[in-house]
């Protein structure tokens, strides 16, 4: 049975943040708020939790997960990041962007793109997730909370609870979050290119 934390969006209760981090460190799968949607997340080193997320979303081994990082310093540990990409990510984070970067050896191979050895990175602009990341001090594996046979993410934490309370370890209630796509920016091979325009705006990349 999932725990259910209604966390204040402006003054998050620290005790609930600490409890959420403990659940993650103990192998839990949680529903977290981001700046674009609700997401499923687990600790980067927990294969069992990752497999559970795959099962819940009915994902294949080819699905590309995203790492949620707390800041640019942490991004630099898990990716090979050039000067141009560094400046870009610094300017755009936190925000509704997913950056595709070459992975370092710190990223488990099961999370890397099988052929390209890349990984998607996010630094979401959400106060609750930011506090969790600061306390955890390690990346989270994440994927948008889109249930099987659905095309968009779940928006209402009460609905998430009704559908997944027997599957998840924790659901964080941050209110209704409209399902929107992040902007995906490819920063590999020395080039920077917008692969998908979402809600994140990068004016410095406009032609």
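Just so you know, all these numbers are worked out from the coordinates, no wet-lab data involved. Keep in mind it's a predicted model, so treat the numbers as computed, not measured. Cβ: placed from backbone, ideal geometry, glycine included. Neighbour counts: every protein chain shown.
Quick notes
- Simple label model, 7 Å out from Cα along Cβ direction - residue 91 to residue 150, nm: 3.6
- For segment 65-104, the convex hull spanned by the alpha carbon atoms encloses 67 Å³ per residue.
- Folded to 0 to 90 degrees: helix 14-25 orientation relative to the chain principal axis, Cα: 80
- Fewest-first sequence of 38, 4, 18 by Cβ atoms within 10 Å of each Cβ: 18, 4, 38
- Inter-site label distance for residue 204 and residue 110 at 7 Å from Cα along Cβ, in nm: 3.6
- Rounded tilt (10° steps) of 83-92 against the dominant C-alpha axis of the chain: 40
- Helix 127-136 axis, angle to the chain major axis (alpha carbon atoms, nearest 10°): 90
- Rg(Cα)/(2.2 N^0.38 Å) for segment 127-207, N = residue count: 1.38
- Fraction of the pair-distance distribution of the chain above 31 Å, Cα-Cα pairs, percent: 14
- Projected onto their three principal axes, the Cα atoms of segment 1-57 cover extents of 33, 25, 22 Å, largest first.
- When 184, 171 are arranged by Cβ crowding within 10 Å, least crowded first, meaning fewest neighbours, the order is 184, 171.
- Sorted by Cβ density within 10 Å, fewest first, the residues 179, 36: 179, 36
- Label-point separation in nm, residue 77 to residue 47, each point 7 Å along Cα→Cβ: 2.2
- Percent of beta bridges antiparallel (DSSP, segment 3-205, rounded to nearest 5): 60
- In segment 85-169, the C-alpha radius of gyration followed by the widest Cα-Cα span (Dmax) gives 15.3, 43 angstrom.
- Mean ellipticity per residue at 222 nm, deg cm²/dmol - from DSSP H runs of n ≥ 4 across the chain, formula -39500 (n - 2.57): -8000 deg cm²/dmol
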